[in-house]
Every structure is written in C-alpha cells, then in structure tokens.
C-alpha cells in the first residue's frame, strides 16, 4: 500500500447554504498493484472501477473527436483500437495542416496562401 494525499473541495454556494469554500486533505492507502486492489476490494469491485475509468477515458476521447467533426464510423475505428493510458498517435504534420486549413474561412485561406507565396 502507498499513502496518497487526497484533497476534497466544496465550492461556496450560498444558495445551498455553503457560505464559504470548504476543503479537507487526508491520507488514503492505495494498493500498489491490481492484485493488491483485488485483495483489498475484491475482484468484482476492482473490475467495476476499471470499467468505469476506461469508459470515462473513451468517452472523453470520443467527445474530442466529435468536436473535431469526426463521423461515427471514424470514432468507432478509433475506439476499436483505444488503449487506456497509451499515448495518442501523432498525426502527420501535413495532415494536421490540411485539417486546420479546411477549417479556415475562404478569406483566411486566401490570406494564408498569399503569405505562403511570399515565403512567410
């Protein structure tokens, strides 16, 4: 087990009777391995926690893809290879520029191309 400092904060909300921000910091023993988690909490609880955290991570990734205009099919393809904690694949710089360019207005595109012709 390793002790971790955990802080909990409740923001002030006079409408709910909380006149000032409240906070507490305390120590909590976290298991050092998955086996230690299973020993402390049981296999069912450990699996449930892992499922919840994986779901949260994949939902966050899907939201990011939606904001970037990706289709359901593109998001499904990404989700099928999603590995929690793995670094995202870096996009090819030319593809990244093309994506950014596609999001510009016609006026911005013309200005950008003019600057590129000047060597800017």
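The values are calculated or read from the model by the stated rules, or taken from the named source; none is laboratory data. No experiment lies behind these values; they were computed from the predicted model shown. FYI the Cβ positions are ideal-geometry reconstructions off the backbone, even for glycines, and counts take in every protein chain you see.
Tabulated data
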quantity	calculated
Qualifying residue in segment 19-27 (condition: in contact (Cβ under 8 Å) with a residue 12 or more places away in the chain and in contact with a helix residue (DSSP H, G or I) (Cβ under 8 Å, 6 or more places away or on another chain))	no
Hey, residue 42 on the phi > 0 side of the Ramachandran plot and outside the structural domain of residue 84 (by TED's automatic domain parsing) or not	no
Residue identified as exposed (fewer than 10 other Cβ atoms within 10 Å of the Cβ) and touching a strand residue (DSSP E or B) at 6+ places or on another chain (Cβ under 6 Å) among 10, 6, 94, 24	24
